[in-house]
Structures are given as structure tokens and as C-alpha cells.
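See structure below.
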Amino acid sequence: MGIEELLRFWKENEIVHDERIIEAFLKVKREDFLPEEQKPYAYVDSALKLFCGQTISQPTTVAIMTKLLKPNKDQKILEIGSGSGYQAAILGHLVQPKGKVFTIEIIKELFEFAKKNLEHFENVEVIFGDGSVGYKKEAPYDRIIITAASPRETVEGIFPQLRLGGILVAPVDYGDYQKMYRFSKLESGEIEEEEFGDFVFVPLRGKLGFAKFKTSP
Ligand code: SAH
């Protein structure tokens, strides 16, 4: 199975039509973001193990979140949860030529893994830190994407870091699964929300993560 089969599946099921997004998935190779032993499974449509109990999201989930985020050229994007760096690389491709992606990771080993995987992506910067409070230093952002299951209050706490007209996409709540949300900050500053079905993510850690989980630092 290769990326072409996944792209065909996305087209047939009306998951992704946008030619720019399709091109990004063709250019960025998922195998370059996987530990050696997982490379043969790069284009199987499932989440795969990274380190420290973390996962690289299923390709279809990355495609759906990318579509919901509506990334455009020259935008400034924040990703919370770098993991392998794959989602950040896809976004980096889509914001070219002048846009930039900041991606923040809380686990040192994964921060280093993502940094290495992204070394040739000049417009993606990997930051080691706790993204449960966002990343104020570079705010405001045109787009924010959280790739770990997040408490609703935590997501709402990050809204101020979103520019007027901006979009934040995140899986919200924790249980057996999460609901995917798109929050749009209108020009009035009001937040409009839309819900897009069930997904499964690892929980957000850190200060405003799911502190009740033993895995939280
Ligand atoms: N987007 C990634 C997959 C993310 S998996 C990819 O494309 O591969 C979720 C990641 O979020 C894990 O790497 C986890 O360590 C990280 N994470 C969890 N809580 C975090 C926090 N508070 N700040 C930053 N990263 C966090």
C-alpha cells in the first residue's frame, strides 16, 4: 500500500479534494517520520507507535485535521503535540513560501525525534515545552492545531492566542474517544464551534492537561 491508495480512498470518500493538500501528502513522506521498525507500515491507515507510549496519528486523521484547519500560504501556525513532526511537515508545506509553523512537544525524546525529522523543513520550528498553555511567545496565530485529547477549558484558554478570523482544531475531552472540533474566531472576536465526529488521541499532559492521568508529568 502506498500514498496513492490512501489519496484515492480520500478522494472516493470525499475526505480530501483540495489539490494543495493532496500535493502536500505526496511531497511529505510519512516513512521519514517513523522509527526504523515502523517504516514498512508507513501507508497502512492506522496510528503507529513512536516512543514513550505516544503515537503518530492515522494518516486519515492527519488529512481530516489538515482539511478542517484550512491552512493557507503565508500563515503562522501553532501545533501542540509534535510527536513525529509529520503533521507539522504537512502544514509547513502548505504555508509556503512565507508562512511558518511552530510545533511544541513536552517529551524530550520526542522533541528531539521531531527536530531531527524536520531538519530540512526550514519553515518549521520545534519547541521543547508545555503546550497546554499554548505558546504565547509567537502569538497571535492564524491557525492552532492540538493533536492530543484536550480538556475543553484548556482549549478555551488558548483562544486569546488566535488571531481574529483564525481557526483552532482540536479533539476535545477524554474518555474512550474524543469529539473533533473546529473553533473559528470571528472578526467580532466571538467563537463559533463545529463538531466533526469521534476520534481517539493520547491525552494532553502538562500543567493544563489531564492531570488525573498517571502519565502526566
Ligand atoms: N502530531 C503528531 C502526533 C501527536 S501524538 C504527529 O504528527 O506525529 C500527541 C503528542 O502530544 C505526543 O507526542 C505527546 O507527547 C504530545 N503532548 C502531550 N501533551 C503535551 C503538551 N502539554 N505540550 C506539548 N506536547 C504535548
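Observations
- Each residue in region 1-50 was checked for being within 23 Å of residue 200 (Cα to Cα) and open to solvent by less than 50 Å² (accessible area, probe 1.4 Å), and 19 pass.
- Members of region 135-157 found to be within 16 Å of the chain's Cα centre (by Cα) and closer than 23 Å to residue 73 by Cβ, listed by number: 135, 141, 142, 143, 144, 145, 146, 147
- Within region 114-128, not a single residue is under 14 Å from residue 169 (Cβ atoms) and either within 9 Å of the ligand (Cβ to nearest atom) or open to solvent by 40 Å² or more (accessible area, probe 1.4 Å) (or both).
- Check on residue 55, open to solvent by 10 Å² or more (accessible area, probe 1.4 Å), within 14 Å of the ligand (Cβ to nearest atom), at pLDDT below 95 and within 23 Å of residue 143 (Cα to Cα): yes
- Remark: pairs (first residue in region 1-21, more than 13 Å from residue 45 (Cβ to Cβ); second residue outside any helix (DSSP H, G or I); Cβ separation under 8 Å; 6+ apart in sequence or on different chains) = 11/17.
Per-residue answers, yes or no, for (1) open to solvent by 40 Å² or more (accessible area, probe 1.4 Å); (2) under 16 Å from residue 100 (Cα atoms):
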| residue | (1), (2) |
| --- | --- |
| 143 | no, yes |
| 164 | yes, no |
| 177 | yes, no |
| 184 | no, no |
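- Considered as a group, the residues in region 80-113 that are within 12 Å of the ligand (Cβ to nearest atom) and charged (D, E, K, R) include one that is least open to solvent (accessible area, probe 1.4 Å), and that residue is 105.
- Taken over region 1-52, residues that are closer than 17 Å to residue 89 by Cβ and either assigned to a helix (DSSP H, G or I) or polar (S, T, N, Q) (or both) amount to 17.
- Test for residue 191: is it over 16 Å from the mean Cα position of the chain (by Cα) and closer than 21 Å to residue 67 by Cβ: yes
- Taken as a whole, the structure places residue 101 among residues that are at pLDDT 95 or above, out of contact with any Phe, Trp or Tyr (no Cβ under 7 Å at 6 or more places or on another chain) and not in a loop (DSSP other than H, G, I, E, B).
- Members of region 53-89 found to be within 14 Å of residue 101 (Cα to Cα) and part of a helix (DSSP H, G or I), listed by number: 66, 69, 86, 87, 88, 89
The values are calculated or read from the model by the stated rules, or taken from the named source; none is laboratory data. Quick caveat, the model's predicted, so the values are computed rather than measured. Note that each Cβ is placed from the backbone with ideal geometry, even for glycine, and that neighbours are counted across all protein chains shown. Side chains are part of the model used for accessible areas, which takes the heavy atoms of the whole protein and leaves out ligands, DNA and RNA. Shrake-Rupley method; radii C 1.70, N 1.55, O 1.52, S 1.80 Å.
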